[in-house]
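The values are calculated or read from the model by the stated rules, or taken from the named source; none is laboratory data. Quick caveat, the model's predicted, so the values are computed rather than measured. When we count neighbours, we look across all protein chains shown, and the Cβ atoms used for this are built from the backbone with ideal geometry, even at glycine.
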Amino acid sequence: MRREGTFSLSRVAGAWLLLLPGVVAFQPVFGGTPGYLPALAGITAGALVPLLAARFRWSAALWFFAILVFYLLLGGPLALPETTINGFVPSLTTLARLMQLTYQGWYDILTVATPAGDLSGPQAAPLLGGILFSAALVGIVRFTRAVVWPMLLPTLWLALGIAFGIRQAPTALWLGAALGAGLLLWSAAHRISRMGAANAEFLVRQPRGLSRRTWQGLSAMLVIALASGTALGVNVVIGNDVHRQVLRDQVAPPLKLQEYPSPLTKYRLYELNQKNDVLFQVAGMPAGGRLRLAVMDEWNGVVFNVSQNIGEYLRVGRELPWQPEVATQVSEITAQAYDDVWVPSFGEPSRIEFEGEQATRQARGLYFNRNTKQTLTTARIGDGSMLRITGVVILPFGESQREGLKGVRGGAAPLARVDRVPEVLVKNATDWTQGATSAYEQLSMIEQKLRTEGFYSDGSDNRSRAGHTAERLAYMFNQEQWVGDDEQYAASMALMATQLGIPTRVVMGFYPASDADVGSGWQVRGTEAHVWVEAFLEGAGWVNFDPTPDRNRVPNSENPQPKPKPKPRVDPPPTPPEHVEDETVVADQQEVDFDDPKDQPPDWVQVAIVIAASAGGVLLLLSPLIVIAILKGRRAARRRKKGEVADQVAGAWDEVVDRARDLGFVAVMNHTRRESADDLQEGYPDLPIRSMADQVDSSVFGPEEPETEVRDSVWKQGGELKSSLLATKPWYARPAVFFSLKSLRRVGVETERRSRKPQASDRSGRNEDSTGEPKK
């Protein structure tokens, strides 16, 4: 609502400065100096919209269009640079993706790992929010004299930055103090300015310098600032970083783990079918290192799998969300025959860079398990994919190191989530560890028992089925000879250790033979696939155990294993082919009828948050138009219901005049209804404007109070006239008229209470005839 004389460059600059704490609140999400850019560009572009609108007298539709243009122009280089032309010109892909990010960006910013500066997309959220908040704030400052309302928007903007921020907030107190001081200065400056203006207008002899009241105000501000600074200093000294609850604590990343089968189901494929195929080319292999592919800590009676808890996975960029405390090493891995989603590494990666044709998609789909430090990419890693991985190398414990672990207890780590462990494994775990005095001794006894008394078979001799279901493991340990490979032995040891209360997990990966020469590079072949167990021990962390017998320890040919006798609930396995294929594992999974304990009903709170975030983004973008529509609808309803019937009839004419004003008609102050109708009729000669004005005049100033039927008829006629006025514009220009701000501006037109309550003389006039004599 525009008023002359309200524009002040200092007010606009002050309003823009009040938004800076919110900009700083968004920075930790993206990290570094670039983390300030999206929100900062947003509040700067948003401030330009009302200034340009005032200069060129834009309608609300043009406001909306300008906001959209700024968002699309800035969103390309700031949020989606890889989709732009020459780094800044938006392409069709850029525009389509940015429109999607108006609602999806708010959800993305909650599900990515921080800092997310390397990711594409989340930057669109603070950019759009900054444009909208700044446009609204500077618009209020530019077109009104309001002081209190502008103070609300910077507070909400900072609250938004906090809600979509991170848990650790070392600058939270400073941001709150800065905004509080800014709001205090804003209020005091306006008070001083108004007092000065009043003195200049009414005082003949104006005081020189600052008045006593001004000095009192400045002194109060100084006292408050000192008190706030003291309280802030005490908080900084007493407490360290501020930890707070934010929205990302309530939202799980959009990763569908059920789409990816257990990595362990492919072990037999690598071991047998691809034993001579080169899966990876590795440069920069650490001496004695193991190329880890997957860490699995859940068993549902069918397969060991990576954690299915979706809350443990974060979408990440190149930099992973943890800081190594020891030296890191860089390795370069090129995939060849490998094709899967699991990202290999030599330990705990802290930085992952992709190269190749699919590098962008692989980086965009990278997820990180914050507990196991396992990574995967939804775009898969295939032939030609190249990775440069920086991370902490995890080396296996040597004999001398393990000697120092005797007497060590299990550490404080979560137990593997297992269900329906076969009874034979529970019994073996107890029997084999008799006399052990520590968790390490229990693990060593199980490891030694399996390595020395078990036999190895990769299935090529039809002596060992693939898989590690409850039925498969129970059958294996109920035979005179235990025959299996890494898959069965590692799974069995992990289950037995879990029954003893020791935190364990199963790891699948690759490592070369002890006598292999990999100094000039390592060609990772399928035959080098292995599975081992890691147990968390107090003071030592995750310690590796290798329970699988040597591969040259094969079962006795004189005592072949009998055919399996499955339990009643399990169908007999198919006749083994010459080479046992990996599909056998899938058959095992289908044969055993176990309920997955992780099957849970939908999290309706999370669903509601997703829907609210999506709808909120759209509503936030459309909020200026929604507010205008609400204001106009409320105004029309008030005119139709408020006051006497004569006032309500006059309100119908007010609606017609306002529609004309939205079309460009300039209402002249102090014109009568007839004069305004004459001016309108000249512009729209084919519309019954003058006849409606006459009907309204006769109803308002007639001798009798108009009936409600007359009011309804006039409002119906007014609605038709408004539609006819709108129809004079082409269809594409009508939204600009409907959402125009012109009729909402406060101007002195004849419609201002023209149908005021009649005075006593007016009321008596209704009972007089044309001669002035009372009617009989």
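Numbers at a glance
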quantity	calculated
Residue check, Ala652 at pLDDT 85 or above and loosely packed, with under 14 Cβ neighbours inside 10 Å	no
Single match in Trp58, Trp63 (criterion: outside any loop (DSSP other than H, G, I, E, B), touching a helix residue (DSSP H, G or I) at 6+ places or on another chain (Cβ under 8 Å) and among the aromatic types (Phe, Trp, Tyr))	Trp63
Total residues in segment 302-326, condition in contact with a strand residue (DSSP E or B) (Cβ under 8 Å, 6 or more places away or on another chain), of a type outside the set (Lys, Arg) and in contact (Cβ under 8 Å) with a residue 40 or more places away in the chain	16
Some residue of segment 505-513 being in contact (Cβ under 8 Å) with a residue 60 or more places away in the chain, surrounded by 23 or more Cβ atoms within 10 Å (Cβ to Cβ) and farther than 27 Å from Asn300 by Cβ	no
Filtered residues of segment 712-748 (kept if loosely packed, with under 14 Cβ neighbours inside 10 Å, at pLDDT below 90 and under 28 Å from Glu644 (Cα atoms))	Arg745, Arg746, Gly748
Filter result for the condition that a residue is farther than 30 Å from Ala61 by Cα and in contact (Cβ under 8 Å) with a residue 40 or more places away in the chain, over Ala177, Ala136, Ala124	Ala177
Complete set of residues in segment 642-667 that are closer than 21 Å to Glu704 by Cβ, assigned to a helix (DSSP H, G or I) and of a type outside the set (S, T, N, Q)	Val645, Ala646, Asp647, Val649, Ala650, Gly651, Ala652, Trp653
Of residues in segment 655-700 being of a type in the set (Gly, Ala, Ser) and surrounded by 14 or more Cβ atoms within 10 Å (Cβ to Cβ), the one nearest to Arg635 (Cα to Cα)	Ala660
Within segment 325-348, considering residues that are out of contact with any Asp or Glu (no Cβ under 7 Å at 6 or more places or on another chain), over 18 Å from Leu366 (Cβ atoms) and not β-branched (Val, Ile, Thr), the one surrounded by the most Cβ atoms within 10 Å (Cβ to Cβ)	Gln329
Unique residue being modelled with pLDDT of 95 or more and of a type in the set (S, T, N, Q) when the list is Ser492, Ser520	Ser492
Lone qualifier among Thr452, Thr437, Thr469 - being buried (at least 19 other Cβ atoms within 10 Å of the Cβ) and either among the basic types (Lys, Arg) or outside the structural domain of Ile352 (by the TED database) (or both)	Thr469
Counted residues, segment 158-176 - those being at pLDDT 80 or above and out of contact with any Pro (no Cβ under 9 Å at 6 or more places or on another chain)	3
Any hit, segment 97-113, residues being in a helix (DSSP H, G or I), of a type outside the set (Lys, Arg), over 17 Å from Arg364 (Cα atoms) and over 14 Å from the mean Cα position of the chain (by Cα)	yes
Residues of segment 674-713 that turn out to be in contact (Cβ under 8 Å) with a residue 60 or more places away in the chain and under 20 Å from Ala727 (Cα atoms), as a count	0
So Ala294, is it in a strand (DSSP E or B) and touching a residue at least 40 places away in the same chain (Cβ under 8 Å)	yes
Filter result for Thr155 (surrounded by fewer than 18 Cβ atoms within 10 Å (Cβ to Cβ), at pLDDT 90 or above and not aromatic (Phe, Trp, Tyr))	yes
Test: residue in segment 284-291 that is more than 28 Å from the chain's Cα centre (by Cα), among the hydrophobic types (A, V, I, L, M, F, W, C) and part of a loop (DSSP other than H, G, I, E, B)	yes
Single residue of segment 431-455 satisfying the filter (touching a residue at least 24 places away in the same chain (Cβ under 8 Å) and hydrophobic (A, V, I, L, M, F, W, C)) that is farthest from Gly411 (Cα to Cα)	Phe455
